[in-house]
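Structure record follows, encoded as structure tokens.
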């Protein structure tokens, strides 16, 4: 603080906080939480809703581990953001823990769902497809007192998708639009299977269809969703449970998958070249065949897809496999060729056994039995030295080019399954929809990013659950920020400048946050009141405008939503 005569001057580095706060207030995040807490929030300096909003904003703005949150807000104009009298020192660990307790008690999942629907309605986001998937998040700690009867999530070991089977974990499940806006999501037990999660998420989507009018979307999931039970659920039950159209990948362990590949390869004139489905440089070229067939006694439409990029990658992989198989087979053959047999039948039997043992995939071999004569060793003094007939194998190994070509062709192909009629969506649109499954995977990369929030270090399982939903709320805000800027840039001809001087029409949320990171606000105390001054660069003003706000969010004081 500087003092000039009767003036006091304070400089705050607000960064992107006022903008993130404005987005949170537009969707009434804090108010939604406070309205559902029975205890009188007005008696608290910081309500639980405001505390949760503060957690969300700290994750989005700095993406760092959640400890010493009060230190995070030390350089921020907190009274402008949260209200008169609220200082950084009020955001203590105890206060935030109480807020997490309140969030758990009122239903963190419920708050997340309501917030997702509010975002979709407030920003008029079309939900034409929902891309669903899961990922795990490792936790450090024992959590010894948990059992499966607890109402909280079970923090336990399970299939680790971040390759830490030694650690206990929780599971995140998300359903997002193709531009990563979260429609539904949940935090599950660490040992929840993807198959069980997919069944549960369909129930949630149907509830949202009834409660929020969500309809006319395509469910897009990975191959793990293709089970008899899941397909039955997707078909629905007439008016009680409407059918949900879907697109997924047919699992490679289904016999039908191999049959469809073979059928497509045997009909070379039926391929349809559709070229690229992405605007990215050097993206893959595709050709497809549409085939109708049955699975579990129901007809579906299958899309056999060939990718030239997949073909190139598989060529390298298969070449390595061929080399390894040849080396291993040559060793075995060399050893066998040194063996001598007393009869030709034994040599032929050894040859037959070799074929079974090697089980060659990319090679074949042929053998000839060679007769050799060797001097028989004398057994008695003076006995005659007679020759004895012995047999050896002479084996030559060679690459089976026909089989290799067939394998390469099959491995360059994947098969999609859909319930959508060709009149409603053509093959190229089906493939494009499936390839946008990367949208939910990108969201997972953000959740796993240690700079977004590092491994969870909370001792009480119910707080872990509540904080995990706070992470999802933060992800909602970050992706909403990103989408809003990108959508509005579609109507402009000039790229936005982000951190590092990069010009782009498709900035990430993180890069936009970094671009605003150094914005400062000067507070001057004069004549009994504080005045705020902030000079923004034109590029910073433009970012605010693209999100729907102006520079006044940096200079105007706290305003409670109606």
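The values are calculated or read from the model by the stated rules, or taken from the named source; none is laboratory data. Computed from a predicted structure; not experimentally measured. Please note: Cβ atoms are built from the backbone with ideal geometry, for glycine as well, and neighbour counts cover all protein chains shown.
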Scanning segment 172-190 for residues that are outside any strand (DSSP E or B) and farther than 21 Å from residue 466 by Cβ, which turns out nearest to the chain's Cα centre (by Cα)?
-> 180
Single match in 257, 325 (criterion: crowded, with 16+ Cβ neighbours inside 10 Å and farther than 30 Å from residue 229 by Cβ) | 325
Which ranges mark the strands (runs of 3 or more DSSP E) fully within segment 199-280 that have 1 or more residues being not assigned by TED's automatic domain parsing to the domain that holds residue 298?
-> 218-221, 246-249
Qualifying positions in segment 501-529 - touching a helix residue (DSSP H, G or I) at 6+ places or on another chain (Cβ under 8 Å) and either over 25 Å from residue 180 (Cα atoms) or surrounded by 19 or more Cβ atoms within 10 Å (Cβ to Cβ) (or both) = 507, 509, 510, 512, 513, 515, 516, 519, 521
Within segment 380-401, identify whether any single residue is under 30 Å from residue 298 (Cα atoms), in a loop (DSSP other than H, G, I, E, B) and at pLDDT 80 or above, and answer yes or no.
-> no
Give the residues of segment 22-38 that are in contact (Cβ under 8 Å) with a residue 60 or more places away in the chain and over 30 Å from residue 551 (Cα atoms), sorted by residue number.
-> 36, 37
Just checking, how many residues over segment 474-500 are crowded, with 17+ Cβ neighbours inside 10 Å and outside any helix (DSSP H, G or I)?
-> 3
Have a look at 54, 97 and point out the one that is closer than 12 Å to residue 17 by Cα and in the same structural domain as residue 523 (by TED's automatic domain parsing).
-> 54
Do you know which residues across segment 460-473 are surrounded by 24 or more Cβ atoms within 10 Å (Cβ to Cβ) and more than 22 Å from the chain's Cα centre (by Cα)?
-> none
With respect to residue 282, determine if the residue is in contact with a helix residue (DSSP H, G or I) (Cβ under 9 Å, 6 or more places away or on another chain), surrounded by fewer than 12 Cβ atoms within 10 Å (Cβ to Cβ) and without any contact (Cβ under 8 Å) to a residue 40 or more places away in the chain.
-> yes
Name the one entry in 114, 89 that is within 25 Å of the chain's Cα centre (by Cα), assigned to a helix (DSSP H, G or I), touching a residue at least 12 places away in the same chain (Cβ under 8 Å) and surrounded by fewer than 20 Cβ atoms within 10 Å (Cβ to Cβ).
-> 114
Only one of (1) more than 30 Å from residue 245 (Cα to Cα); (2) modelled with pLDDT under 90 fails for residue 511. Which number is that?
-> (2)
Scanning segment 363-379 residue by residue, those loosely packed, with under 11 Cβ neighbours inside 10 Å and either at pLDDT 80 or above or under 30 Å from residue 400 (Cβ atoms) (or both) turn out to be 366, 371
Take segment 299-344 and flag every residue that is in a strand (DSSP E or B) and touching a residue at least 60 places away in the same chain (Cβ under 8 Å).
-> 300, 301, 302, 303, 304, 305, 306, 307
Answer residue from segment 345-371, given it is without any contact (Cβ under 8 Å) to a residue 12 or more places away in the chain and outside any loop (DSSP other than H, G, I, E, B) and is nearest to the chain's Cα centre (by Cα) among those | 356
